[in-house]
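Take a look at the structure below.
Values in this text are rule-based calculations from the coordinates and carry no lab data. Quantities reported herein were computed from a predicted structural model and do not represent experimental measurements. FYI the Cβ positions are ideal-geometry reconstructions off the backbone, even for glycines, and counts take in every protein chain you see.
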Amino acid sequence: MSGIAWIETVRLDEQPNVLWVEVADEEGIAGLGETYYLPTAVEAVIHDMAAPLLLGRDASRIGAIAETLFACANFYGWAGAEMRAFSALDIALWDLQGKRTGLSVAELLGGRVRDEIRVYNTCVDAGGFDDQAAWLTRPGDLAEELLEVGIEAMKVWPWDRFAPQLQSELVTGPAGWSAMGPVGHDLTPESLAAGLHCIEEIRERVGSRMDVMIEGHSRWDLNAALRVCHALEPFEIAWVEDIVQPTSARDLARLVRETRVPQAVSERLIGRSAYREVLEAEAAHLVMVDVVWTGGLSEARKIADLADAYHLPVVPHDCVGPVALAASLQLCAYAPNVKVMETVRGFLSGWYRDAVTDVPAVTGGSIRISDRPGLGLELQPGLRDREGAVVRRSGR
Ligand SMILES: [Mg+2]
């Protein structure tokens, strides 16, 4: 037994949505976790609620700690900053256990089924790539460029811009682009066609060589969502995700029943019981999971196993951060039913490298999965000393 000696959170001005957490044992071995969105709220949960429950406890009893944290969070609500905090702590505990034992997290989870996984590129502007501007204005060119570097799958969100937009003064500040407008109820035929043009051009240029995923960001009501899906049917896309809010398994099941476009559900479901509802309702073709939101690797592993029992693939989400990616990749190495891993090439070549010591390479459309102890990465030396860094410690 090695008790948890201290828990430290780190956030940076330059990444205003990200919170890192390190959990260290009495020997000074530290594991690294991460989550995304409202880091000051998550920081408060970690130090005010979780730390008093965790300090001194056996760091290797990851499942027992998860049970404790869930039970406490449930008493006052559900999801939100609590689950993001627990997700980050859980990932840090898995990393710590790996570093203590010399095993990768995938080996701790049950053993590796693969050493690399196919990726798709979520097409945002970042790290010197103008991928979002490109799919908006020249999607065929972008598809060709991605194929040239071996990436055969891309995600775009062609109908967001036609949904109601927030006034610009409401989308500044730490929440940044994560702030979305209200749900749209009026998708005009012109807007439907304009969004579809992106997919048409990709298919005209590169045929079926490119898999296309459609991100919905929950911007539309069910009627509009069904129209988008019907319009997409001839294009044999990989999936549509979150085009309506993922709050009702029954409504998501209508998308499955009434169109033949595959539905991915959902990076925003929290905890295995939410996935159970969706799977029992036959409301998903692909099970999307975000390890830093849904409850960490402990929860994500159970969700992957649950999806496997329904003969469905898992598609991990990462538009988040480098530790989320590293943890997701360990899930990919463990779970045979993982199909493809989300990546953002501008993050991999940009800010991820600035934040952590090891960012895996994408070659030939696949990403390598670390076999080093734990997650196989650390925060960059000196990151805590950067201007604007906020470091807070509980314990000694
Ligand atoms: Mg998404």
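Step through the residues of region 255-267 one at a time and calculate ³J(HN,Hα) from phi using the Karplus curve (6.51 cos²θ - 1.76 cosθ + 1.60, θ = phi - 60°), rounding each to whole Hz and writing x for Gly and Pro.
4, 5, 6, 9, 9, 10, 8, x, 10, 9, 9, 9, 4
What ³J(HN,Hα) values, in whole Hz, does the Karplus curve 6.51 cos²θ - 1.76 cosθ + 1.60 give for region 111-120 when θ = phi - 60°, with x put for Gly and Pro?
Those phi angles translate into x, 8, 9, 7, 10, 8, 9, 5, 10, 10 Hz.
How much length, in nm to one decimal, is gained on full extension between LEU53 and ASP251, taken as 0.36 nm per residue of separation minus their Cα-Cα distance? Before the final figure, lay out each step's value.
Details: separation 198, 0.36 × 198 = 71.28 nm, distance 3.86 nm.
Taking LEU53 through ASP251 to full extension adds about 67.4 nm, to one decimal.
Between THR188 and GLU282, how high is the FRET efficiency from 1/(1 + (r/R0)^6) when r is the Cβ-Cβ distance and R₀ = 35 Å? Nearest 0.05.
Working: r = 32 Å, r/R0 = 0.90.
Result of the calculation: an efficiency of 0.65.
If packing is taken as the average number of other Cβ atoms within 10 Å across a peptide's residues, how do 316-329, 67-80, 38-51 rank, most packed first? Mind dumping the intermediate values first?
Details: 316-329: 26.9, 67-80: 14.0, 38-51: 20.2.
Highest-to-lowest ranking by the protection proxy: 316-329, 38-51, 67-80.
Hey, if you put +1 on the Cβ of every Lys and Arg and -1 on every Asp and Glu Cβ in region 108-368, which of THR137, TYR310, VAL124 ends up farthest toward the positive end of that dipole?
Farthest towards the positive pole: TYR310.
Scan around VAL113 for amide H atoms under 5 Å from its own, H built in the peptide plane at 1.01 Å from N, and keep only partners 5 or more places away or cross-chain.
It is TYR334, by chain and number.
Taking a ≥ b ≥ c as the square roots of the eigenvalues of the Cα gyration tensor of region 1-91, is the shape rounded (a/c under 1.5), prolate (a/b larger than b/c) or oblate?
It comes out oblate by the Cα gyration axes.
Taking 7 Å along the Cα-to-C-beta vector as the label spot, tell me the MET1-ASP125 distance in nanometres, rounded to one decimal.
Output for this residue pair reads 5.6 nm.
Among ALA30, ALA5, VAL391, flag the residue with its Cα farthest along the positive direction of the charge dipole of the chain, charges on Cβ as +1 for Lys/Arg and -1 for Asp/Glu.
ALA5
Could you give the dipole magnitude of region 5-159 about its Cα centre, charging the beta-carbon of Lys and Arg +1 and that of Asp and Glu -1, in debye to the nearest 20?
Working: 11 positive and 26 negative charges, 111 e Å.
Here the size comes out at about 540 debye.
Modelled label-to-label distance, HIS217 and VAL149, 7 Å Cα→beta-carbon offset: nm?
Between HIS217 and VAL149, the simple spin-label model gives 2.2 nm.
Rounded, prolate or oblate: pick one for the chain, where a ≥ b ≥ c are the square roots of the eigenvalues of its C-alpha gyration tensor, a/c under 1.5 means rounded, and failing that, prolate if a/b is larger than b/c, else oblate.
Judged from the Cα gyration tensor, the chain comes out prolate (a/c at least 1.5, a/b above b/c).
May I ask which residue of GLY80, THR40, ALA50 lies farthest towards the positive end of the charge dipole of region 1-81, with charges of +1 (Lys, Arg) and -1 (Asp, Glu) on Cβ and the Cα centre as origin?
It is GLY80, whose Cα lies furthest towards the positive end.
For CYS123, enumerate residues with amide H under 5 Å from its amide H, sequence gap 5+ or separate chain, H modeled in the peptide plane.
Here the answer is LYS155, since their amide H atoms fall under 5 Å of that of CYS123.
With θ set to phi - 60° and the Karplus curve 6.51 cos²θ - 1.76 cosθ + 1.60, what are the ³J(HN,Hα) couplings of region 227-244 in order, to the nearest whole Hz, using x for Gly and Pro?
5, 4, 5, 4, 5, 7, 3, x, 9, 6, 7, 6, 5, 10, 10, 6, 6, 10
At 0.36 nm per residue, minus the direct Cα-Cα distance, what do THR357 and SER208 gain on full extension? Give it in nm, one decimal, please. Display every interim value, and only then the final one.
Details: separation 149, 0.36 × 149 = 53.64 nm, distance 3.68 nm.
This chain segment gains 50.0 nm when fully extended.
Which shape class, rounded, prolate or oblate, goes with region 289-372 when its Cα gyration tensor gives a ≥ b ≥ c as root eigenvalues, a/c under 1.5 marks rounded, and past that a/b bigger than b/c marks prolate? Don't skip to the end; give the middle numbers.
Working: a/c = 2.11, a/b = 1.68, b/c = 1.26.
Because a/c hits 1.5 or more and a/b exceeds b/c, region 289-372 counts as prolate.
Given +1 on the Cβ of Lys and Arg, -1 on the Cβ of Asp and Glu, and no further charges, what dipole in debye does region 108-368 carry about its Cα centre, rounded to the nearest 20? Show your work: numbers first, answer last.
Numbers: 24 positive and 38 negative charges, 137 e Å.
Charge dipole, region 108-368, about its Cα centre: 660 debye, nearest 20.
Going by average Cβ neighbours within 10 Å, how do the peptides 215-223, 28-36 rank, with the highest at the top?
Details: 215-223: 20.3, 28-36: 23.9.
Listed from highest to lowest mean packing, they are 28-36, 215-223.
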